[in-house]
1. Please verify whether Ala369 is surrounded by 11 or more Cβ atoms within 10 Å (Cβ to Cβ), modelled with pLDDT of 85 or more and either under 24 Å from Glu150 (Cα atoms) or within 31 Å of the chain's Cα centre (by Cα) (or both), treating the condition exactly as stated.
2. Would you check which residues across the stretch 81-108 are open to solvent by less than 30 Å² (accessible area, probe 1.4 Å) and more than 18 Å from Ile47 (Cβ to Cβ) and list them?
3. Determine whether Gly9 is under 16 Å from Val96 (Cα atoms), open to solvent by less than 70 Å² (accessible area, probe 1.4 Å) and modelled with pLDDT under 90.
4. Being closer than 24 Å to Ser121 by Cβ and modelled with pLDDT under 80 is true for just one of Asp354, Asp398. Which residue is that?
5. Test Val261 against the criterion of being under 28 Å from Tyr192 (Cα atoms) and either at pLDDT 90 or above or touching a strand residue (DSSP E or B) at 6+ places or on another chain (Cβ under 8 Å) (or both), and give yes or no.
6. Among the candidates Ser307, Ser296, which residue alone is small (Gly, Ala, Ser) and open to solvent by 10 Å² or more (accessible area, probe 1.4 Å)?
7. How about the stretch 60-80: which of its residues are under 23 Å from Glu233 (Cβ atoms), open to solvent by 30 Å² or more (accessible area, probe 1.4 Å) and aliphatic (A, V, I, L, M)?
8. Give the residue, chosen from Leu17, Leu4, that is part of a strand (DSSP E or B) and either free of Cβ contacts under 8 Å to residues at least 40 places away in the same chain or within 20 Å of Gln156 (Cα to Cα) (or both).
Amino acid sequence: LRLLQGDVGSGKTIVALLAMLNAVECGTQAAIMAPTEILAKQHLETIQPLCEEIGIRAELLTGRIKGKARNHILESLAAGEIDILIGTHALFVEDVQFKDLACVIVDEQHRFGVHQRLALSNKGNKADILVMTATPIPRSLVLTAYGDMEYSKIDQVPEGRKPVDTRVMPVAKMDVVVSALQRKLAEGCRAYWVCPLVEESEKIDLAAAEERFATLQKIFGPKVGLVHGKMKEKDKDAVMDRFKKGEISLLVATTVIEVGVNVPEATVMVIEHAERFGLAQLHQLRGRIKRGFQASTCILLYSYPLSETSRQRLNTMRETEDGFEIAEKDLELRGGGEILGTKQSGFNEFRLADMAVHKNLLLTANKDARMMLELDPNLSSPRGEALRTLLYLFERDDAVKTYLAG
């Protein structure tokens, strides 16, 4: 079980492919799961041509593939004819059966739950799991700290990439932002404008994407496009394609663009009501304008009243682009969730220990536990029996398996 953390465009997909090829070379199968169809297709476009060069079969499976096409993929997979399966949540559906799954890659790990990651890895016989992200969830950060999850970091980005200029501004200054955006678009730049909701809500007074689209369209005309989760996939793909080609220069969107959107020419990101987003989401969204080599700007618009936690989140985004540093701040603000359980954030996950206070002691305890498992794997010695009793008393004997999901 290994976590691979690396910034946007640092090469995580190539590392994943090499890990999967290692499994295929050993005569087994591999799978890579992405949270959106856009990202799954992007992986297919990267991986399939490389695999074809060396005679390896890689296929795509999403919820949109149905009927004969789906049956053909499932039959080929069960027969072991497909070496690498790329897909979305559709991969852990019950009727998806592998002949011998040995390597599971979970991309953008923060978008999946513990049980979802387990459901895919359980399709193999103790399959190895590699989870990848630019911003690890607090629970995974805790797992790496305690030695339950191995950790690798890609600390370099492509040469020549410039840092993002991140600014935090109140919503009251939106007119200033729109004026600056007009200048940028006139220079030929492309930009994202992210809104948290699709439709107006009476309970939550947030700018809806459709309303913001209508407002910006009056200012910028046909240069503005709109994508959100309730659109049909073909309509969403059509708008994204126009944005990639430059026919649309300003894309109003919800968080559907958080992962898997690759438009190197986009250099401006405006996130409205940024105080409503989590750190991982903000970092992922900002990553959309880090794919090229031009200077880029991210504007975080917030509204009052601002909670202390929201203020710290926005300050963190302004101060750093390091995904692991952002994740550590997220851990501090949200807690690390349950190690022997499925909560991915939250505090008080231990009865007796505190990560901030007992970090050195916890590392010692981890080494001691590993030694016990080597010397007495069945916990049958007097000390092993005592440990069994402790697990039982703390009601942890049935929960051990959930930590294997990462």
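The values are calculated or read from the model by the stated rules, or taken from the named source; none is laboratory data. Predicted model, so just to flag it, every value in this text is computed and none were measured. In this analysis, Cβ positions are derived from the backbone assuming ideal geometry, glycine residues included, and neighbour counts consider all displayed protein chains. Only protein heavy atoms, including side chains, enter the accessible area calculation; ligands, DNA and RNA are left aside. Shrake-Rupley method; radii C 1.70, N 1.55, O 1.52, S 1.80 Å.
1. Working: surrounded by 11 or more Cβ atoms within 10 Å (Cβ to Cβ): yes; modelled with pLDDT of 85 or more: yes; either under 24 Å from Glu150 (Cα atoms) or within 31 Å of the chain's Cα centre (by Cα) (or both): yes.
The answer is yes for Ala369.
2. The one that is open to solvent by less than 30 Å² (accessible area, probe 1.4 Å) and more than 18 Å from Ile47 (Cβ to Cβ): Val96.
3. When the stated conditions are applied, Gly9 does not pass them.
4. Asp398
5. Details: under 28 Å from Tyr192 (Cα atoms): yes; either at pLDDT 90 or above or touching a strand residue (DSSP E or B) at 6+ places or on another chain (Cβ under 8 Å) (or both): no.
Judged against the criteria, Val261 is not a match.
6. So the residue among Ser307, Ser296 that is small (Gly, Ala, Ser) and open to solvent by 10 Å² or more (accessible area, probe 1.4 Å) is Ser307.
7. Hits for the stretch 60-80 are Ile65, Ala69.
8. Only one candidate qualifies: Leu4.
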